[in-house]
Amino acid sequence: MNSLEIILLALGLAMDAFAVSLVVGAGKHARQIRPAVRLSFHFGLFQSLMPMAGWASGRGVERWLAHFDHWVAFGLLAIVGGRMIYAGLFPTEDAREDDPTRRWNLVSLSVATSLDAFAVGLSLALLDLSIWYPCLIIGLITAVLSVIGVKMGNRVGSFLGNRMEIVGGLILCGIGARILWQGLHAAS
């Protein structure tokens, strides 16, 4: 696998993280640099660690995981998206708890957007390819696209205000539904 193929692979894997970053950036929680860096760091980290886990795990785990990975991603995105919709409909003074760039929400989004990278790591192992360079490129591209997504979302969110939280939650739920749909159709 040459460098161009690895870059294209990384761009494909980073699209879910980019979309989620765009949504988070449009909300009220990622207006500062610190939440944007936190989100992009975690997305990049998880996107680089998941292929390593897939590469190390072997074929048996992939068959087991393939049966429900789409359900896990759907569930995580639906929970975070639902919380964003609720926060948009019923805003409170202290919304730190619902911040998608913190705690469980951040981990949930990081896992949900990187599950497909596990299968990529397994494929690299089956092709007997080195994992370190692709993981580095995948993580870096994901982190950079996540920052770009947050910044683009900031611009959109400033026009729409609190309504963007509802739209963002619906988009996260939609991404989860797409992942579920693809996973169910791949299984049949």
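Yes or no, residue by residue, for (1) surrounded by 24 or more Cβ atoms within 10 Å (Cβ to Cβ); (2) closer than 12 Å to residue 148 by Cα; (3) touching a Pro at 6+ places or on another chain (Cβ under 6 Å):
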site	(1), (2), (3)
9	no, no, no
20	yes, yes, no
44	yes, no, no
48	yes, no, no
Identify, please: which residue in the stretch 16-51 is without any contact (Cβ under 8 Å) to a residue 12 or more places away in the chain and not charged (D, E, K, R) and is, among those, nearest to residue 114 (Cα to Cα)? 33
Being closer than 25 Å to residue 137 by Cβ and at pLDDT below 80 is the requirement here; does residue 84 meet it? no
I'm checking my understanding of the structure. Among residues of the stretch 98-112 that are hydroxyl-bearing (Ser, Thr, Tyr) and within 9 Å of the chain's Cα centre (by Cα), which one is surrounded by the fewest Cβ atoms within 10 Å (Cβ to Cβ)? 108
Return the total of residues in the stretch 22-52 being at pLDDT 85 or above and either in a loop (DSSP other than H, G, I, E, B) or small (Gly, Ala, Ser) (or both). 4
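The values are calculated or read from the model by the stated rules, or taken from the named source; none is laboratory data. Just so it is clear, the structure is predicted and the values come from calculations on it, not from any experiment. We place every Cβ from the backbone using ideal geometry, glycine too, and count neighbours over all the protein chains shown.
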